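Novice: Pasting in a structure now, in structure tokens, and then I'll have a few things to ask.
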Amino acid sequence: MASAAVQDQLEIKFRLTDGSDIGPRSFPVATSVATLKESILAQWPKDKENGPKTVKDVKLISAGRILENHRTVADCRSPLYDVPGGVTTMHVIVQPPSEKEKKAANQSKQNKCGCVIM
């Protein structure tokens, strides 16, 4: 029964772009990618520049694929790379919103009408 509990968990470490790691930590296979990203935000090293501010700023890559927020850890497992009892490495890319997205957000705020009829 203990081995079934271990199979329901996955050891994951997060590799940052500078080669340093966060983790490894054990996560239930039902954990969503969005929850993994929240964990990364909470554990992000304070001394690193250009850290992510929101979950949307973080991209996770595992086995060459960008992971979508609604997927679970179980969905992301690769039988080719997962070794029982081993640690899965996911790569973390910080991608803040692009200038185009920022401008679109600012324009939607600026295009408000303030008409007064007297």
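Novice: For the range 25-47, which residues satisfy the criterion of being at pLDDT below 90 and surrounded by 13 or more Cβ atoms within 10 Å (Cβ to Cβ)?
Specialist: V29
Novice: Return yes when R65 is more than 20 Å from P96 (Cα to Cα) and charged (D, E, K, R) and no when it is not. Steps first, answer last, please.
Specialist: On the way: more than 20 Å from P96 (Cα to Cα): no; charged (D, E, K, R): yes.
Answer is no for this residue.
Novice: Does E68 fit the bill of being assigned to a loop (DSSP other than H, G, I, E, B) and at pLDDT 90 or above? Steps first, answer last, please.
Specialist: Details: assigned to a loop (DSSP other than H, G, I, E, B): yes; at pLDDT 90 or above: yes.
Answer is yes for this residue.
Novice: Pairs only if they're at least six apart or on different chains, beta carbon under 9 angstrom, first in the range 24-36 and farther than 14 Å from G85 by Cα, second assigned to a helix (DSSP H, G or I) and of a type in the set (S, T, Y); list them, first residue then second.
Specialist: T31/S39
Novice: Hey, does the range 83-91 have a residue that's in contact with a helix residue (DSSP H, G or I) (Cβ under 6 Å, 6 or more places away or on another chain), at pLDDT 90 or above, part of a strand (DSSP E or B) and within 17 Å of R15 (Cβ to Cβ)?
Specialist: At the first step, the residues of the range 83-91 found to be in contact with a helix residue (DSSP H, G or I) (Cβ under 6 Å, 6 or more places away or on another chain) are none.
No, every residue in the range 83-91 fails to be in contact with a helix residue (DSSP H, G or I) (Cβ under 6 Å, 6 or more places away or on another chain), at pLDDT 90 or above, part of a strand (DSSP E or B) and within 17 Å of R15 (Cβ to Cβ).
The values are calculated or read from the model by the stated rules, or taken from the named source; none is laboratory data. Quick caveat, the model's predicted, so the values are computed rather than measured. We place every Cβ from the backbone using ideal geometry, glycine too, and count neighbours over all the protein chains shown.
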